[in-house]
Amino acid sequence: MQPPVPSPVAANSGEKGLKGIIAGGITGGLEILITYPTEFVKTQLQLDEKGELKKFNGIADCVTKTVKNKGFFGLYRGLSVLLLGSIPKSAARFGAFEFYSTKMRGDDGELTMTKRFFSGMLAGMTEAVVAVTPMETIKVRFISDQRSAKPKYKGLFHGIGQIFKSEGIGGIYKGLPATVVKQGSNQAIRFFVLFSLKDLYTGKDRTKSVPKVLVGIFGAIAGAASVFGNNPIDVVKTRMQSLDAAKYKNSVDCALKIIRHEGPMAFYKGTVPRLGRVCLDVAITFMIYDSIMDLFNLVWK
């Protein structure tokens, strides 16, 4: 009896997924080296509360105080965590998107706008479980620890060891529901907007390429759309992953307490630095990824 022959779609989706994983991993490492300081400032502002607990009066004040107290490289506190996490995160995101989008294409090879949206959403949910939640939790804990009078984490591995010792593996999966929702909506919006703009430019002509500079502009627009679309979720996620997360029962309780004590505009804390970081991040990411995939498609038949 002959073994079953894998379908062309299954084989193609697997190959596209592998290309996406490798290209995504390379992309993630390069991108985070460029954009990390804006992520640091965004997180600090989101952790800032009103009244006596308030430490910063905006972006410039946060940067100035951090550099004054910790030196320039204080803006890179937690970078090792994000750098190590960005590679698998980006690999999971792009690998999953290539896999799901190939699976969802029709017989004519077209991917409808709805399927494009859901491919992005599934890619975001995949990266949330595989890499983003543990990476973001550790990163927020490190930045939050730096805010305390007596930091207790001596370094990356010491900090991770302390989290595992006191909370187990669940300690690095704080805020998982909020992160899954955030990443799912993030990537659904980004991939949908980016590829819709690409289609608009090419008129869906597959033989027509989009200049890399224009890919970057489209990426920046996609990034901005995702920021305005889900910043409230990002604020809740950050609070649920901080060292003070114990005062919230769950993500819903966190959201309700933010509204009650800080008002609805608190959900848009950190929007400006996040907007700057995300637009730059997504623009750079898609430009790098597009270039790597072009190379792969040329040499990897």
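The values are calculated or read from the model by the stated rules, or taken from the named source; none is laboratory data. Not measured: the values here are computed from a predicted model. Please note: Cβ atoms are built from the backbone with ideal geometry, for glycine as well, and neighbour counts cover all protein chains shown. Keep in mind that these areas ignore ligands, DNA and RNA; they rest on the heavy atoms of the full protein, side chains included. Shrake-Rupley method; radii C 1.70, N 1.55, O 1.52, S 1.80 Å.
Structural remarks
- Residues of the stretch 219-239 satisfying the condition of being open to solvent by less than 20 Å² (accessible area, probe 1.4 Å) and either among the small types (Gly, Ala, Ser) or out of contact with any Cys (no Cβ under 6 Å at 6 or more places or on another chain) (or both): 219, 222, 223, 226, 227, 230, 231, 234, 235, 237, 238
- Among the residues making up the stretch 265-290, none is polar (S, T, N, Q), at pLDDT below 90 and touching a Gly at 6+ places or on another chain (Cβ under 7 Å).
- Sub-9 Å Cβ pairs linking a first residue in the stretch 133-154 that is assigned to a helix (DSSP H, G or I) to a second residue that is open to solvent by 20 Å² or more (accessible area, probe 1.4 Å) and acidic (Asp, Glu), at least 6 apart or interchain, are 144/244, ordered by first then second residue.
- Any hit, the stretch 96-115, residues being of a type in the set (Asp, Glu) and under 26 Å from residue 145 (Cα atoms): no
- Residues that are of a type in the set (Gly, Ala, Ser) and either in contact with a strand residue (DSSP E or B) (Cβ under 9 Å, 6 or more places away or on another chain) or touching a residue at least 24 places away in the same chain (Cβ under 8 Å) (or both), drawn from the stretch 233-288: 242, 245, 251, 266, 270, 276, 283
- The set of residues in the stretch 246-290 that are assigned to a helix (DSSP H, G or I), small (Gly, Ala, Ser) and touching a Ser or Thr at 6+ places or on another chain (Cβ under 9 Å) contains only 276.
- Residue-level check: of (1) modelled with pLDDT under 85; (2) open to solvent by 40 Å² or more (accessible area, probe 1.4 Å); (3) not aromatic (Phe, Trp, Tyr), residue 125 misses just (1).
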